[in-house]
Each structure stands twice: as C-alpha cells, then as structure tokens.
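Reviewing the structure listed below.
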Amino acid sequence: MLAQPPTASGPQQSDGSQPTTAGLQNALVSDYSKVNLPGLAGNIETLQQQLQSGAPDLESMESAATDVANTLVPVADTTSWVTQNPAVEQTLMTADASTPEYAAGQIVDKVKGIDLKSAFQAADTIARTVQNASTPGQAQQLQTSVDTLSTQVSPLAATPADGLSLAADALSVIKPSVLINQVTHIGTNAFDLADNIPAVLDILFNRIPHIVLDPGLDPMAKVKAVHAEFDRINVLFEPLIKLAAGLDYKTAAALIAMIPDPSGAAQIISMIVGLVGNLDIIGLANTAGELQKQLWHAIETGDIIGAGLSALPHILDFAKIAVGTLNGGQKTEASKLGSVSASTTTGQQITQQSHAGYLGGLASSLTALAGSDGADALSQIGAEGLKFASFIGSGTHQNYGELVVDSSGTTALQDMTNHFRDPIAKAVA
C-alpha cells in the first residue's frame, strides 16, 4: 500500500475510477523529513530579531517561518493521532525516562496545550507575506503574527534541544512502530497458543475420556479429576486472552475506516472494532473464570445456594463490563489476569455469612451489593431492554410508510426523506 501512488491501489469505484488512499497512508506514516524541532527556538528568535532590526532580511524571515510551519504540521498530526489512541498515549507516558519514547510523550503532553492551528496560521502568514513583500518595510506589519507564533510554541521552544531531537526521532516512527509492535504481540502470543494446542487436544480427547471411563474411580473422584484438567486448559489458553486484550482496536478501527470502500462495509466494521476496543477482556476472562469456579464448587459439594451467593458479585461484574463496553469504561490490566478481585472476596464473605447463619451481616452485604456500580449497571441494561422491547412490540418500525406525523398527513418516511433532501438541495444549489 505504502509503495504505491495514492490513486494506484484499492477497489474500483462504480464509475471505474480508483479511490484515493492518501488518508490511509497518512494514518500509517508521518512525513518528518522537514521537521526541525530543535531549531524552533532559533527560528522564533530569528523572526523577532529581524523585525526589531528595522531592516529585516526577508529571505531569513521566510526561511525561519517556513521551517516552523513544516515542523508544526507533522507534529500536530502525530499528536492528534496519539491522543486518539489511548493505548499509544499510555505507552509514551509510562516509558522509561531515558528513552526517546518518554521524550516524545513529554512533547505530546506539551503540544496538547498549544493552539497549533493558530501557530501554523501565524507561521504561514509570515512566510506568505515575506515571500510577496517587495521591500523590507512591508514586513513590519508582521509583529502580531510573530508574537502569536512565539507565544504558542514557547512550551516547545523552552524544551532542551537534545530532548526535542530525541522526541522527533520517536514521533517520526511512532505510527509504524505501533503497527510493528502489534504484529509482534500477535505473533508472540499466537506462537505460544500454537505450542499449547497439542496439550489442549490431549486433555480433551485423551485425558478427560480416560478419567470419565475409568472404572476404578468413583463419581466424585472423576468430577474432581476433570475439574483439574479444565483448570489446566484455562492456563493453556491464557496466551489467547492476552492476545485479544493487547490488540490496539482503536488504531485498527481508524485504519479500517480509511479503507476505500464505496459499499460502506468498512465503516460499519470500523465502528464494531472500535466498540470491541472498549471491552474489558481481562476483566471478562477473570469474571468468567470465577463463575466457572462456582459452578465446579456446586457440582463437587452440592452447595448450590452457597455457589449462587458467591457468584452474585461476579454476575454484577458482567453488567459493569457490558455498560463499560458501550461507554468506554476502565479496563483491567493484562498483568491481573487470574488475580483475585474484590468481587471474589465479597462473594466469599456472603457465602460465609450464609453458612454461619449471620443474617444481619448477610443483609448488610446484600444491601451494599444492591447499591454497587454493578447493580446500577444491571438496572441500566434492564431499563434499556424494556425500552427496546417496547419499541419492538409497538410495531412502529414496521410502518414508517403509513405512520402520519403531522396534521398535513406527512408520513414518517416522507418526513425523513424531506429532512435529508432539503439540505442536499440547498448544498447543490
């Protein structure tokens, strides 16, 4: 894709022409060939000194302003891309202080507080005015633009030159490096999973059937042995969980959205992939694992009530994960896969209170659980479910062509058509 001209790749449009892939290419790379971050302070100083001299050198001013403009555009583009990808931004912000990535993170943080649009416009105005000026005196009117530019880029200009140089090196390759890291992440965990597949197959087709059919084991011994085998399977599948959790879905969604696709399918896929990026995969895996433990506990001990009470906090965790997927809630770190959660402790406490007959404590625990975030999330899901059921039951979605929405007899379908047709007609006119 990158090796081809912007119009030489991608599926054909309905008229046979090739759609542009410039947007996709821009999402994969940034052109830092003209970026001069360490020279920002010197260029600003040159502009100020030339104006204050009374006889400015137009060529020097044009060169300095152009250099600043060429620096700001790629840096602004990269900063915008980083801030739109939380995983990338987190990587930069948490990098070791001695690395270029850390320096890049510091620059990104500073650029976020700068009005780069105003700064670029000021630099562009200076360069264009000086370029078209016939006498040095015409440059004197640029003091306001120079002051604006100086004020906006001052946080960057005040940064030591060596730090700016390191940051520029890291920012210039941050887009492709993220993709390379993703490929490495996928490859590493995929190979780990592939190494584990023979052991999984052995458990499923040899060890578990052997345990079930072993006449020397009583039923309870068989259950416990099969439980132990499923615990082994859980461990063997951990690379798959880490693989899924470590994928940068936001970056993937942005790239998919830029695929030239006249059918619109790429846009729909992009939206879905972006939504999956909000899913707390590690939290989901931990919650599913805890519920699995309670199921085995009920089978092995017959304590169905105790298992159900202990599972209650984890059921509410599912609701939190579901709501978090829709609104971008906090996600669990990959290092906490298989760790003991607060819900596990709460579930054990509720079960102990139930077994001990401590009804007062049990009531307090259940009341606290009812007021938790998980219960609130469950109520949100329930409310939305009722709204959806009401909508489906009403049949409104089936008769847009007959549903009258105003006194003049306009149907819902006609109203929606008018809503889009009128603005389009104005735009075309």
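In region 398-419, what count of residues is obtained for those that are aliphatic (A, V, I, L, M) and either under 19 Å from Gly324 (Cα atoms) or open to solvent by 80 Å² or more (accessible area, probe 1.4 Å) (or both)?
3
Every residue in region 317-333 that is under 21 Å from Lys242 (Cβ atoms) and surrounded by 13 or more Cβ atoms within 10 Å (Cβ to Cβ), please.
Correct list: Asp317, Phe318, Ile321, Gly324, Thr325, Gly329, Lys331, Thr332.
So which of Val108, Val153, Val82, Val146 is touching a Ser or Thr at 6+ places or on another chain (Cβ under 7 Å) and either in a helix (DSSP H, G or I) or crowded, with 18+ Cβ neighbours inside 10 Å (or both)? Explain how you work it out, then say what you get.
Working: Val153 fails: touching a Ser or Thr at 6+ places or on another chain (Cβ under 7 Å); Val82 fails: touching a Ser or Thr at 6+ places or on another chain (Cβ under 7 Å); Val146 fails: touching a Ser or Thr at 6+ places or on another chain (Cβ under 7 Å).
On inspection, the qualifying residue turns out to be Val108.
Select from region 351-392 the residues that are open to solvent by 50 Å² or more (accessible area, probe 1.4 Å), in contact (Cβ under 8 Å) with a residue 12 or more places away in the chain and either of a type in the set (Val, Ile, Thr) or not in a helix (DSSP H, G or I) (or both) and list them in ascending order.
Ile381
Might you check whether a residue that is in a helix (DSSP H, G or I) and not hydrophobic (A, V, I, L, M, F, W, C) occurs anywhere in region 404-411? Write out each step before concluding.
First, pick out the residues of region 404-411 that are in a helix (DSSP H, G or I): none.
Checking region 404-411: not a single residue is in a helix (DSSP H, G or I) and not hydrophobic (A, V, I, L, M, F, W, C).
Please work out which one of (1) within 17 Å of Thr148 (Cβ to Cβ); (2) assigned to a loop (DSSP other than H, G, I, E, B) is the condition Ala55 fails and give its number.
(1)
Hey, among Gly274, Gly264, Gly283, Gly302, which residue is open to solvent by less than 30 Å² (accessible area, probe 1.4 Å) and more than 24 Å from Ala87 (Cα to Cα)?
Gly264
Between residues in region 138-154 that are in contact (Cβ under 8 Å) with a residue 24 or more places away in the chain and residues that are open to solvent by 10 Å² or more (accessible area, probe 1.4 Å) and charged (D, E, K, R), which pairs lie under 6 Å by C-beta distance while being six or more apart or on different chains?
Hits for this filter: Gln152/Asp115.
Taking the condition of being surrounded by 12 or more Cβ atoms within 10 Å (Cβ to Cβ), touching a residue at least 40 places away in the same chain (Cβ under 8 Å) and not basic (Lys, Arg), how many residues in region 336-350 meet it?
Looking only at that region, the number is 7.
Output the residues belonging to region 351-380 that are modelled with pLDDT of 85 or more and either of a type in the set (Phe, Trp, Tyr) or under 30 Å from Met416 (Cβ atoms) (or both).
Hit for region 351-380 is Gln380, nothing else.
In region 119-140, how many residues are assigned to a helix (DSSP H, G or I), at pLDDT below 85 and under 19 Å from Ser63 (Cβ atoms)?
7
Restricting attention to region 118-135, and to residues there that are open to solvent by 60 Å² or more (accessible area, probe 1.4 Å) and in contact (Cβ under 8 Å) with a residue 24 or more places away in the chain, which single residue is nearest to Pro74 (Cα to Cα)?
Looking at the filtered set, the residue picked out is Phe120.
When only residues in region 87-100 that are open to solvent by 80 Å² or more (accessible area, probe 1.4 Å) and in a helix (DSSP H, G or I) count, which is farthest from Ala168 (Cα to Cα)? Steps first, answer last, please.
We begin by selecting, within region 87-100, every residue open to solvent by 80 Å² or more (accessible area, probe 1.4 Å); these are 90-91, 94, 96, 98.
If we keep only those that are in a helix (DSSP H, G or I) as well, we get 90-91.
Values: Gln90: 18, Thr91: 16 Å.
Of everything passing the filter in region 87-100, Gln90 is farthest from Ala168 (Cα to Cα).
Determine which single condition Gly395 fails, assuming it passes every other condition in (1) exposed (fewer than 10 other Cβ atoms within 10 Å of the Cβ); (2) in contact with an Asp or Glu (Cβ under 8 Å, 6 or more places away or on another chain).
Going through the list (1) exposed (fewer than 10 other Cβ atoms within 10 Å of the Cβ); (2) in contact with an Asp or Glu (Cβ under 8 Å, 6 or more places away or on another chain), Gly395 breaks only (2).
For Leu255, state whether it is open to solvent by 50 Å² or more (accessible area, probe 1.4 Å) and not basic (Lys, Arg).
Considered against the rule, which asks whether it is open to solvent by 50 Å² or more (accessible area, probe 1.4 Å) and not basic (Lys, Arg), Leu255 comes out as no.
Are any of the residues in region 170-183 modelled with pLDDT under 90, of a type outside the set (S, T, N, Q), within 30 Å of Asp77 (Cα to Cα) and over 22 Å from the mean Cα position of the chain (by Cα)?
no
The values are calculated or read from the model by the stated rules, or taken from the named source; none is laboratory data. Just so we're clear, the structure is a prediction, and the values are computed from it rather than from any experiment. Neighbour counts run over all protein chains shown; Cβ positions are idealised from the backbone, glycine included. Surface areas here come from the heavy atoms of the whole protein model, side chains and all, with no ligands, DNA or RNA. Shrake-Rupley method; radii C 1.70, N 1.55, O 1.52, S 1.80 Å.
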